[in-house]
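Every number in this text was worked out from the coordinates using simple rules, so none of it is lab data. Given the structure is predicted, the values throughout are model-derived calculations rather than measurements. Methodologically, a virtual Cβ is constructed for each residue, glycine included, from the backbone with ideal geometry; neighbour enumeration extends over all protein chains shown.
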Amino acid sequence: MPPLSFDQALSRGIAAHQAGRFDDAAASYRQALALAPDDAEAQSLLGLALAQGGAPQDALPWLRQAVAREPRESGFRLNLAEGLERTGDAAGALAELRRVLAEAPGHPRAAAHAARIATALSDWAGLEAIASGWTRASPGHPEAWRQLARAAFESGFPRRAMEAFARLLPLSGRQPADLAAYAGLCLHALDLDAAEIALEAAAAADPDQPDLLARQGLLHLYHGRFEQAEACCRRCLALDPENVAAFTTLSRVLGGALDPASQATLARVARDPARPFDHRIPAAFAVAHAHDARGEIDQAFAAYQGAHALALERDRLEGRRFDVAAESRRAARLRAQLPPQPDAIAPAATKPRFVFIVGMPRSGTTLVESLFGAHSRVWAGGERPAMRQVLRAWLALDAAGREADPATLAAWAEACRHDLPDIHGAEVVTDKHPLNFEAAGLIARLFPDALILNLRRNPLETGLSIYRQEFSKHWSFAHRLEDIGRFYGQYARLAAHWERVLPGRFVTIQYEALAGDFATQAPVLLARAGLDWEPGCAQFQSARRAIATFSTVQAREPVANRNGRAARYAGHLAPLVASLEAEGIDLDTGALREDRVGGEAALVQD
């Protein structure tokens, strides 16, 4: 038999390669290289066959030679990226893929491969850059929009994620699974109407999708339709017995009281290192809630610790941690927002007028918004994202040593109004994002007619309640009791500052006083916002509105002071107590002690 020519050897290698016979492919490529030692294609294909055949270290010299010989050939860089990834050098692989994308941002193979690696590395900024270039270069490619939505969601921008995913739907043919995923993003963005429309469309096509049923259950929960929520979750679990989202909603409906078999399933999920953190962490919390519901305090606390250990590991991998020194510096910059210059105040809006309900999470903000939301002149907005984004923009300007001019302030105010859906002519809008306590100075500049209601609750009850909930990964202070206490100190110092410089506009409400004498205190609270008392406000629990918070179940029950759990967990709260005391916090009211008021500067310097 005559010897093979170069082209014949190369073709035989490619055929074996495509059939998955990597050793045969490598042998044929070597035959081709014996005839043409400098052929970059044969070098790259040999390297790829070695990498895919289990010898990635042997592959890299060949893959690099091909790239060095023809650096502008994207296929060779793609093969090198695969080889690097197979050796465990994901960062090196991503760098090669970015070189390809710099030349061709819409290269589908490079973009998809780069997006997968960025996701594995939890490099959400990198994923956003990749997907942004991909959508600009190939706006008709559905996967590009899917990856942009993932990047926005993981970076803490659910509305941007929702908007990106909406671009995907017509490109993918509005598949039921995509509609259900879009509905999930709508739920995170608190656009419950859009979520309901998407879920109805998905159910019309395929009513037995487990993820669809889980999201329907959550939507029913937010609307107070608890029986329907439970029914959806149980249907979901009949189809997918380990669906963590359904278990999480079911746990909330049942007050944590899951049966032992469900608890065992969730414990198994939480322990499984092959599962993603966004399954393991909520599973671990649901296990803890089940122990708590049975009064098994020691087991519950250990389970909460386990859930937070998982969250801390996720944060470590994603490069996120609570930095108390950075928080102190941030608080100092926030206090410097006031007093504003007279010519730097944006014009007041006539309608709607904002009432910002702020404070530490789990301090009673949902109770107050529920009261306001039952009033005929009020639209209850829930936890709006716009002010948080405006504050982020202000901090970026301040870090660059620049002032926000009147036009910028006016644009920011308009952005907050534009974020609102149809409010049906309401005169007052509530925004109950608790962390807007940071933005009180900026709020005063943007909305001179706004009222800021600060909810304050016993700090041990508040801190424990925070520790018992699965907050978004962007709430990095929530995973250690001592960090919760430190963050509480930052909050208390800022609140004391705003009380002094915004008298009558930043108003502190003690949760225990409001819940303990609601009939007397509620009309006074509404009057502060210029609202007359309406009989329906006394029965706000029956108001037909969605409540998309941890407190959605409790907000539909009679008003009561819900303190008392901290006493049951007292044996586990020493780190929280010590941290609060070090911050100068009164352990009954949560107020900054009088001997610490006015001492912010010294505390920041510590």
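Brief remarks follow.
- Gap separating the Cα centres of region 1-71 and region 406-441, nearest whole Å: 61
- Relative contact order %, region 1-103, counting alpha carbon pairs below 8 Å whose residues are six or more apart: 19
- Summarising the strand pairing of the chain, around 5 percent of its internal DSSP beta bridges are antiparallel.
- Gyration tensor verdict on region 97-204 (Cα atoms; rounded if a/c is under 1.5, prolate if a/b is larger than b/c, oblate otherwise): prolate
- Per residue, the convex hull spanned by the alpha carbons of the chain comes to 184 Å³.
- Remark: region 486-500, residue by residue, has Karplus-estimated 3J(HN,Hα) of 5, 5, 4, x, 4, 4, 5, 5, 5, 4, 4, 5, 5, 4, 6 Hz, where x stands for each Gly or Pro and the curve is 6.51 cos²θ - 1.76 cosθ + 1.60 at θ = phi - 60°.
- Options Gly401, Cys186, Leu310, ranked by Cα towards positive dipole end of the chain, top entry (Cβ charges): Gly401
- Along the axis of the charge dipole computed for the chain (Cβ charges of +1 for Lys and Arg, -1 for Asp and Glu, origin at the Cα centre), the listed residues Ser11, Ser579, Gly373 are led at the positive end by Gly373.
- Here region 327-605 has an Rg and Dmax of 18.3, 54 Å, counting Cα atoms alone.
- Two-decimal Rg/Rh across region 483-606, once Rg and the Kirkwood Rh are taken from alpha-carbon atoms: 1.02
- Dipole magnitude of region 1-103 about its Cα centre (Cβ charges: Lys, Arg +1; Asp, Glu -1), debye to nearest 20: 80
- With one equal scatterer per alpha carbon and no solvent term, the Debye-computed log10 I(q)/I(0) for region 398-505 at 0.11, 0.12 1/Å reads -0.48, -0.57.
- Rg over Rh for region 1-103 works out to 0.99, both radii taken from alpha-carbon positions and Rh defined as the Kirkwood radius.
- Loop-located trypsin sites (Lys or Arg not before Pro) in region 41-87, at most 13 other Cβ atoms within 10 Å (DSSP): Arg72
- Between Gly140, Gly364, Trp498, the Cα set farthest toward the positive side of the dipole of the chain (charges on each charged residue's Cβ, about the Cα centre) is that of Trp498.
- Simple point charges give the picture: +1 on the Cβ of Lys and Arg, -1 on the Cβ of Asp and Glu, and for region 327-605 a dipole about the Cα centre of about 440 debye.
- Separation of alpha-carbon centers, region 232-307 and region 478-508, rounded to whole Å: 33
- Nearest-0.05 FRET efficiency for Ala95 and Ala400, computed from C-beta distance (R0 35 Å): 0.75
- FRET E, pair Ala166, Glu227, Förster distance 25 Å, beta-carbon r, rounded to 0.05: 0.20
- Distance between the C-alpha centres of region 190-206 and region 75-91: 40 Å, rounded to the whole angstrom.
- Among the chymotrypsin sites (Phe, Trp or Tyr not before Pro) within region 102-199, not one is in coil by DSSP while having at most 13 neighbouring Cβ atoms inside 10 Å.
- Rounded to the nearest 20 debye, the dipole magnitude of the chain is 360 debye, with +1 charges on Lys and Arg beta carbons, -1 on Asp and Glu beta carbons, and the Cα centre as origin.
- GluC sites (Glu not before Pro) within region 192-268, DSSP loop, no more than 16 other Cβ atoms inside 10 Å: Glu242
- Relative packing of 544-551, 293-300, which averages over residues the other C-beta atoms within 10 Å, highest first: 544-551, 293-300
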